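Everything on this sheet refers to the single structure shown next.
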Amino acid sequence: MIRHHLNDALLMGYSAGQLPEAFNLIVATHISMCDECRARLESFDAVGGALLSGATIDAPEQVMKNDSLAQVLARIRQAPPEMPARSKPKRGVFPAPLRDYVGGDLDAVRWRAVGGGVRQAILPTARDASARLLFIPGGVAVPDHGHRGTELTLVLKGAFRDEVDRFGPGDIEIATEELEHTPIAEPGEDCICLVVTDAPLRFSGLVPRLLQPFLKI
Ligand code: ZN
Ligand code: ZN
């Protein structure tokens, strides 16, 4: 039961192919877990397609001028419905896009300890944003920190809570500049997340700040 989803800006950026590689990875992974966002993405893909397919259309500006949003949506509704992607039998923890990216499931990950039982594995991506897997033992907190840019956290296994809400498997937290938070893995189960950031985090405590070079985030 997914309660926290991608926003329209991310879905539109993904549809238009304008996101950094790390963001593409997390969007694709969430979409593979979430029927709701997959359906919304198909709407954005259809709008993009409608804007681009132009036998009777001179320029995209014309479409925007002549077509109200209602007309665009009506056109989308007339399109034959997509077959809902059937969820494949689940093997392992990682959804397919992430498994492809990592080259395997959990056992293919080369974790590094970062203190307090927390482990992380940085995934190779283009440098405009970073992606990493985070392993948080049940009941353990990630140091509280703010964000200079956008941080997306997708729960793959277990759950965490922070000042905002509870995030379980499939949930994605979108943290921006304003948010200062301390994610804590729920007791009883280890929490594994995919985390993507487009700028270095700033930690509030002294010790975490000293650790930051080692965290490489
Ligand atoms: Zn979703
Ligand atoms: Zn954060």
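The values are calculated or read from the model by the stated rules, or taken from the named source; none is laboratory data. These numbers were taken from a predicted model, which means no experiment stands behind them. Ideal geometry is used to build each Cβ from the backbone, glycine not excepted, and the neighbour counts take in all protein chains shown. We work out accessible area using only protein heavy atoms, side chains counted, and drop any ligands, DNA or RNA first. Shrake-Rupley method; radii C 1.70, N 1.55, O 1.52, S 1.80 Å.
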Condition (residue is among the charged types (D, E, K, R) and in contact with an Asp or Glu (Cβ under 7 Å, 6 or more places away or on another chain)) applied to region 17-24: is it met by at least one residue?
no
Being away from ligand 1 (no atom under 16 Å from the Cβ), crowded, with 20+ Cβ neighbours inside 10 Å, in contact (Cβ under 8 Å) with a residue 40 or more places away in the chain and under 25 Å from Asp107 (Cβ atoms): is that true of Ala185 here?
yes
Please specify each residue of region 168-180 satisfying the condition of being open to solvent by less than 40 Å² (accessible area, probe 1.4 Å), modelled with pLDDT of 90 or more and either among the β-branched types (Val, Ile, Thr) or within 21 Å of Asp198 (Cβ to Cβ) (or both).
Asp171, Ile172, Glu173, Ala175
Those residues of region 1-45 which are among the small types (Gly, Ala, Ser), open to solvent by 50 Å² or more (accessible area, probe 1.4 Å) and either under 10 Å from the mean Cα position of the chain (by Cα) or at pLDDT below 95 (or both), in sequence order
Ala9, Ala16, Gly17
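In the set Val109, Val63, Val93, which member is over 20 Å from Asp171 (Cβ atoms), open to solvent by less than 40 Å² (accessible area, probe 1.4 Å) and modelled with pLDDT of 65 or more?
Val109
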